[in-house]
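Encoded as structure tokens, the structure appears first; notes follow it.
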Amino acid sequence: MRDNIILIGFMGCGKSSVGRALSQALSYRHLDTDLEIEKREGQRIKDIFSHKGEEYFRKAETSTITELNAGLSEAVVSTGGGLPLRPENADILKKMGFVVYLRANEETIWERLKNDKTRPLLQKPSPRDEIRKLLDYRQPLYELAAHMALDVDGKSIEEIVVEITRNFGILRKRGAADEA
Ligand code: S3P
């Protein structure tokens, strides 16, 4: 397995903040697909959605992850919540490295996102119902796309980082032993 860690999961599960802390703990670089897309497009995600539409954004996700994948090593990649849902993207992520699903329940997500104004998909009359609906549909797809699922409810960023680095370390040792 390549030496990158990819964080996937629903909006608000902590992919960006865990990604930053994890990259520091490992002395890896940190990449965030949403930030990469914003840099390339020169626009915030919510403006991309409103000016160019969701389909345009989804295509930008696929081209961004395809380009990032080339030659990437010693990196932690935080992904947008919808990115692993496309099978072609999920395939790329699995080849890129160790894919970890940060699994948050509806309550945790709602507490973190109830006042959010930046996620276009949640700017609806009933955002909590939207979260429930999207989560029901996406959960099995996140599980399929990941090598490991980690429950994050009630855990600190530090605790999550320790759990991921422990599992990543075991995998790498196993990989080294297989090669020997
Ligand atoms: C999305 C999640 C967002 C962002 C966009 C769409 C999604 O990223 O990519 O608003 O479809 O779940 P975060 O998961 O970082 O919030």
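Cα-based values for the chain, radius of gyration first and Dmax second, are 16.0, 58 Å. Computed over segment 2-125, relative contact order equals 47 percent, with contacts defined as Cα pairs under 8 Å that lie 6+ residues apart.
Suppose a student asked you for the relative contact order of segment 92-180, using Cα pairs under 8 Å spaced at least 6 residues apart; what percent would you report? The partial results should precede the final answer.
Details: 53 pairs, mean separation 39.2, N = 89.
Answer for segment 92-180 is 44 percent.
Count the lysine pairs in segment 87-158 whose Cα atoms sit under 24 Å apart, keeping only pairs 8 or more residues apart in sequence or on different chains. Lysine pairs meeting the criterion: 5. Across segment 146-156, coupling constants 3J(HN,Hα) worked out from phi with the 6.51/-1.76/1.60 Karplus curve, θ = phi - 60°, read 9, 7, 8, 10, 10, 6, 10, 4, x, 9, 7 Hz, and Gly and Pro carry x. Helix-only arithmetic for the chain: the sum of -39500 (n - 2.57) across DSSP H runs with n ≥ 4, divided by the residue total, places the mean residue ellipticity at 222 nm at -18500 deg cm²/dmol.
I need the peptides 93-106, 151-164 ranked by packing, meaning the mean over residues of other C-beta atoms within 10 angstrom, with the highest value on top. The partial results should precede the final answer.
Values: 93-106: 20.7, 151-164: 15.6.
Result, highest mean Cβ count within 10 Å first: 93-106, 151-164.
Which shape class, rounded, prolate or oblate, goes with segment 107-180 when its Cα gyration tensor gives a ≥ b ≥ c as root eigenvalues, a/c under 1.5 marks rounded, and past that a/b bigger than b/c marks prolate? It would help to have the intermediate numbers written out before the result.
On the way: a/c = 3.65, a/b = 2.23, b/c = 1.63.
Note, shape of segment 107-180 comes out prolate.
We did not get these values from a lab; they are worked out from the coordinates using the rules stated. Since the model is a prediction, treat every value here as computed from it, not as a measurement. Note that we place each Cβ from the backbone using ideal geometry, even for glycine, and neighbour counts take in every protein chain shown.
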